[in-house]
Amino acid sequence: MISWNNFLKTFKYMQLFWEGLVCTVSLSALSVVAGFILALVLATMRLAKFKPLRFVATTYVELFRATPMMVQLFLIYHVALAGVSLPTFKLFGFIRFERFIPGVIALSLNSGAYLCEIVRSGIQSVDMGQTEAARSLGLTAWQNMRYIVLPQAMKNILPAIANEFVTIIKESSIAWTIGVQDIMGAVNSVTAATFSMAEPLIVATCIYFCLTFPTSKVIQHFERKMSRGDKR
């Protein structure tokens, strides 16, 4: 039963929610950055003429897009890193590094698979005539990609990348299952202390909403501005 007294008990632990907020944002930001770097590599492999490279990249993307995030997280933490002794210090004084890093790795690998398709579509949206013009000017394939294709592709895919950040913020909530003290980890701790589940979950819902809704509106604003710039 939801009651104001339970909310008052929950509010006494707002420091835990603040720490969870910092952890969630850090986890999401690092995952999207690492996932984007991975996506650039995968997208290049998928567009390569060498078939084995295309096969490896395609297999990776399909595997990570077709399996649950929870399974991927548990495989990374309980299997892949089971015998690895990670440092046990705390980031910002409260984030356990040995739990945080497996979460970043799992989210990055998953995000990379989705961002790969976004990056690939952005690269393919650039007119092939510009690539041919770059070759006629003597630019190498790397110079063409760096100076001609990627700058234009980034403009096209920037809103989608930002939306992926919002998605990762929400999906990062599963990281508490391996002991990451994110927002849902704070809910778990407060529930154990107050013996109340509903109120901590409502507070967590409000925090997630305050994170994702304004971010989505900012993305929409910049997307509209960018689309106006394309009109002739």
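Scan region 107-125 for residues that are buried (at least 16 other Cβ atoms within 10 Å of the Cβ) and without any contact (Cβ under 8 Å) to a residue 40 or more places away in the chain and report the count.
Final tally of qualifying residues: 1.
So, in region 79-90, exactly how many residues are within 16 Å of ALA175 (Cβ to Cβ) and out of contact with any helix residue (DSSP H, G or I) (no Cβ under 6 Å at 6 or more places or on another chain)?
2
Pull up region 173-199, narrow it to residues that are outside any helix (DSSP H, G or I) and open to solvent by 20 Å² or more (accessible area, probe 1.4 Å), then point me to the one that is farthest from ALA29 (Cα to Cα).
PHE195
Could you go through region 58-75 and let me know if any residue there is closer than 21 Å to LYS90 by Cβ and surrounded by 14 or more Cβ atoms within 10 Å (Cβ to Cβ).
Yes.
Can you tell me which of (1) under 30 Å from ASN188 (Cα atoms); (2) open to solvent by less than 40 Å² (accessible area, probe 1.4 Å) is the one TYR13 doesn't meet?
(2)
Looking at region 101-120 only, could you name the residues that are under 14 Å from the mean Cα position of the chain (by Cα) and not small (Gly, Ala, Ser)?
Matches in region 101-120: ILE101, PRO102, VAL104, ILE105, LEU107, LEU109, ASN110, TYR114, LEU115, CYS116, ILE118.
Any idea which of (1) closer than 30 Å to GLU199 by Cβ; (2) assigned to a loop (DSSP other than H, G, I, E, B) is the one PRO87 doesn't satisfy?
Of (1) closer than 30 Å to GLU199 by Cβ; (2) assigned to a loop (DSSP other than H, G, I, E, B), only one is false for PRO87: (1).
Does any residue of region 126-139 turn out to be modelled with pLDDT of 80 or more, open to solvent by less than 20 Å² (accessible area, probe 1.4 Å) and assigned to a helix (DSSP H, G or I)?
no
Got a sec? Which of GLN15, GLN72 is in a helix (DSSP H, G or I), of a type in the set (S, T, N, Q) and more than 20 Å from the chain's Cα centre (by Cα)?
GLN15
From the residues in region 4-43 that are among the polar types (S, T, N, Q) and touching a residue at least 24 places away in the same chain (Cβ under 8 Å), which one is farthest from ILE161 (Cα to Cα)?
Here the residue is ASN6.
When you check LYS170 against the structure, is it without any contact (Cβ under 8 Å) to a residue 40 or more places away in the chain and exposed (fewer than 15 other Cβ atoms within 10 Å of the Cβ), yes or no?
Against the criterion (without any contact (Cβ under 8 Å) to a residue 40 or more places away in the chain and exposed (fewer than 15 other Cβ atoms within 10 Å of the Cβ)), LYS170 does not qualify.
The values are calculated or read from the model by the stated rules, or taken from the named source; none is laboratory data. Everything numeric here is computed off the predicted structure, so don't read it as measured data. Note: ideal-geometry Cβ built from the backbone for every residue, glycine included; neighbour counts use all protein chains shown. All accessible areas refer to the heavy atoms of the entire protein, side chains included, with ligands and DNA or RNA removed. Shrake-Rupley method; radii C 1.70, N 1.55, O 1.52, S 1.80 Å.
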